[in-house]
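Shown next, in structure tokens, is the structure this report addresses.
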Amino acid sequence: PMYHQDDAALDILTSIIGRGNNSIFYKNFVKARKAGQVSMFSSTSELAGEISIRVIPFPGQSLADMEKTVRESFAEFEQKGVTDEDLERFKGSAEAQFINSLSSVSGKVSMLAAAETFAGNPNQLQSQLTAIRSVTRDDVMRVYNTYIKGKKAVILSVLPKGKGDMRVAPDNYAISKDGYKAPDYGYGGLKYVKAKDNFDRTQKPGNSANPVVQVPDYWTGTTPNGVKLIGTENNEIPSVSISMSIEGGGLLAAKDPSKAGLTSIVGRMMNEDTRNYSAQDFSAALQKLGSSVFVFGGSDGIGLEVTSLVKNLDKTLALVEERLFHPKFSQEALDRIKRQMMQGFKSAKTQPAVVASTVYNQLLFGKDNVRNIATSGTEQTVQNITLADQAYYDNYFSPSLSSVVVVGDIKESEAKAKLAFLNKWEAKKVDIPAPATGKPVDKTRIYFVDIPKAAQSEIRIGYLTGLPYDATGEYYRTVLMNYILGGAFNSHINLNLREDKGWTYGARSNFSSSKYDGMFTASAGVKASATDSSVVEFIKEIKNYAASGINSDELAFMKSSIGQSDARRYETNGQKAAFLSRILDYNLKASYVQEQTSILKKISEKEIDALAKKYLDLDKMVIVVAGDKETVFAGLQKLGYEVVELDAEGNKKSI
């Protein structure tokens, strides 16, 4: 159970066997190209704990062989045992996780509340850290022998549809209640004692005035070779977050659409071997420090995210320099990443949510628009990528396109001094293509994609607004306007489809934007049998809101809800870094938060109503439904719209 003396040792055990690039599972499954994903975790609850193992094999691998490899990995662990380095890696990571979990009000109160509830003493932080630091190699082997070796397990086989019986073994378990006796929970003889209050329970508690968010002082700078810098000091916890962005990303796919997905592959490859470290050695070095250094490819840039305890920042930045300037693009890593991506493409075609979003974007931007596939690529374009294409790194990584955000327990002078290694980065001229424009909607249609046997249908309704991001302009005001329609839990759309009808776990609408354009999207995953009715209700709510707008009570609720929540939007180092990144990316004034507060306070029913009429025009919108044709298609045909059937790639099918 929670706070048990073996908890820390079990975490170390499952980490050594099944988590991270240095684990036995990673070597035996991922590196051996048997599986795309594998993990092992120990979790604890109030009454008991659980050890779970999850393997997602590549095609051609049997689940029985996967279980065999798990057993062989256990035997390998028994033979290898636990090293001092294993303990050092885990303890470094655990300390950093504890410290970073305290960066927000939510993190603090969650830890205190759990400890009070399950241990009877809210102050468990120091004892948990002490328990982690005290774990020995003998402790890890002891818990392996106590909780894993020779123990029985539940083995669940999750199989693809229509591919035959591929279970690990035939089912041998059936629930039996023979001889079951309910435990005595101690509730017998209890007497209800009604509370005596000194307040009126019929009156809903109020709240104070919206807090005024104070933007912290921040510093800016530019390195001699053009890297833009911005940062702020935050000494809440002894930790630092650094975020780097290199412009380009998926936008550069327009230069060669046949290699779409290269951005994502370059990002993933940069998390592999470097010239001086194997991926395993690099990961081990980070774990000992309790740090993270992660590279990823995005739609309009390459990102690098760093977290570190202050005491380990110098060593962490040395690893950042290694990863940024000395990546080693190996054929082995490329082949493995491509295979994982290809498996992901195949899996995505069976998931209504992924299919609906993919087809929806194609309809809005145009099927031939490279923006649809720039970051992720397709099965065809990813197959085209070779090791020579890693010239992307040489051609498009430039300090003149880069910005760095620093937030944490560090002063401006220290931060700039520690980032001086960026000065050696050679600048180069990079031409970034402008993104292609979207495709206007000529009339509202339903576009349907068949996902056979899908228990739920996914719905997307929307259009391109033409509104790029504007922190204090009309885009921001549309976000406020949408809050009551579909932006809050108790919005019109969610209350109707979820709370009233019970057709979905959640329905929503939102306005989103980038530097270049924006879109309005209403979406939900709904019960298959209610698909056509859900479309009707979506359309009804959007149409009614465009016609009738917001009422005074809803306006007051929106202002209070958004204003109150603003206080917790900028707590953690990561949240502050995102805020500063936005200032840098969009050249915003420091006062923009105060301007947003003023807009929120002053916006009127009349202004909200006018925005709703302007931006909720159903004649501009497409409707996409992905679900089981046999169940839902006939109902959609009765709604009065032209229905166009597409395949999972967005190609038109004959009906």
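The values are calculated or read from the model by the stated rules, or taken from the named source; none is laboratory data. Everything numeric in this text was worked out from a predicted model, so none of it was measured. All Cβ positions, glycine included, derive from the backbone under ideal geometry; neighbour counts span all protein chains shown. Heavy atoms of the whole protein, side chains included, go into the accessibility calculation; ligands, DNA and RNA do not. Shrake-Rupley method; radii C 1.70, N 1.55, O 1.52, S 1.80 Å.
Points to keep in mind about this one:
- Residue count for region 634-655, restricted to those that are open to solvent by 20 Å² or more (accessible area, probe 1.4 Å) and within 17 Å of N361 (Cα to Cα): 5
- Scanning region 24-42 for residues that are in a helix (DSSP H, G or I) and open to solvent by 60 Å² or more (accessible area, probe 1.4 Å) yields K27, K31.
- In region 258-299, the qualifying residues are those that are open to solvent by less than 20 Å² (accessible area, probe 1.4 Å) and among the polar types (S, T, N, Q), and the one that is farthest from N369 (Cα to Cα) is S291.
- Unmet criterion (only one of (1) touching a residue at least 24 places away in the same chain (Cβ under 8 Å); (2) open to solvent by less than 80 Å² (accessible area, probe 1.4 Å)) for P122: (1)
- Residue in region 141-168 that is most open to solvent (accessible area, probe 1.4 Å), counting only those that are part of a loop (DSSP other than H, G, I, E, B) and in contact with a Phe, Trp or Tyr (Cβ under 8 Å, 6 or more places away or on another chain): V154
- T222 vs. criteria β-branched (V, I, T), loosely packed, with under 14 Cβ neighbours inside 10 Å, touching a strand residue (DSSP E or B) at 6+ places or on another chain (Cβ under 8 Å) and under 30 Å from D431 (Cα atoms): yes
- Among the residues making up region 618-633, a single one is open to solvent by less than 60 Å² (accessible area, probe 1.4 Å) and more than 31 Å from the chain's Cα centre (by Cα): F633.
- Members of region 1-18 that are touching a strand residue (DSSP E or B) at 6+ places or on another chain (Cβ under 7 Å) and surrounded by fewer than 19 Cβ atoms within 10 Å (Cβ to Cβ): P1, M2, H4
- Scanning region 492-533 for residues that are of a type in the set (S, T, N, Q), in a strand (DSSP E or B) and open to solvent by 70 Å² or more (accessible area, probe 1.4 Å) yields a total of 0.
Results for (1) open to solvent by less than 20 Å² (accessible area, probe 1.4 Å); (2) of a type in the set (S, T, N, Q), shown as yes or no for each residue.
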| position | (1), (2) |
| --- | --- |
| D335 | no, no |
| F345 | no, no |
| V354 | no, no |
| N361 | no, yes |
| K367 | no, no |
| I385 | yes, no |
| Y396 | no, no |
| P399 | yes, no |
| S403 | yes, yes |
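- The test for being on the phi > 0 side of the Ramachandran plot and more than 21 Å from the chain's Cα centre (by Cα) does not hold for G377.
- Scanning region 603-655 for residues that are closer than 16 Å to V536 by Cβ and assigned to a helix (DSSP H, G or I) yields L618, V632, F633, A634, G635, L636, Q637.
- Restricting region 45-89 to residues that are within 30 Å of the chain's Cα centre (by Cα), of a type in the set (D, E, K, R) and open to solvent by 60 Å² or more (accessible area, probe 1.4 Å), the residue that is nearest to Y26 (Cα to Cα) is R54.
- Residues satisfying the stated conditions in region 183-207, i.e. open to solvent by 90 Å² or more (accessible area, probe 1.4 Å) and not charged (D, E, K, R): Y185, Y187, L190, Y192, V193, N198, F199, T202, Q203, P205, N207
- Taken together, the residues in region 205-242 that are touching a Ser or Thr at 6+ places or on another chain (Cβ under 6 Å) and not in a loop (DSSP other than H, G, I, E, B) amount to 4.
- Residue count for region 284-332, restricted to those that are in a helix (DSSP H, G or I) and within 28 Å of P433 (Cβ to Cβ): 3.
- Checked against the criterion of being more than 32 Å from the chain's Cα centre (by Cα), at pLDDT 90 or above, farther than 26 Å from T44 by Cβ and open to solvent by 80 Å² or more (accessible area, probe 1.4 Å), the candidates D171, D138 yield just one match: D171.
- Flag if A318 is free of Cβ contacts under 8 Å to residues at least 60 places away in the same chain, under 25 Å from L401 (Cβ atoms) and among the small types (G, A, S): yes
- All of E630, E605 fail the test of being out of contact with any Cys (no Cβ under 6 Å at 6 or more places or on another chain) and farther than 26 Å from L485 by Cα, apart from E630.
- Contacts under 8 angstrom Cβ, first residue in region 523-541 being closer than 17 Å to E630 by Cα, partner part of a helix (DSSP H, G or I) and open to solvent by 50 Å² or more (accessible area, probe 1.4 Å), 6 or more apart: A528/T631; S529/T631; T531/T631
- Tabulated pairs, region 82-111, first in a loop (DSSP other than H, G, I, E, B), second modelled with pLDDT under 90 and crowded, with 19+ Cβ neighbours inside 10 Å, C-beta under 6 angstrom, 6+ apart or interchain: S103/T572; S104/T572
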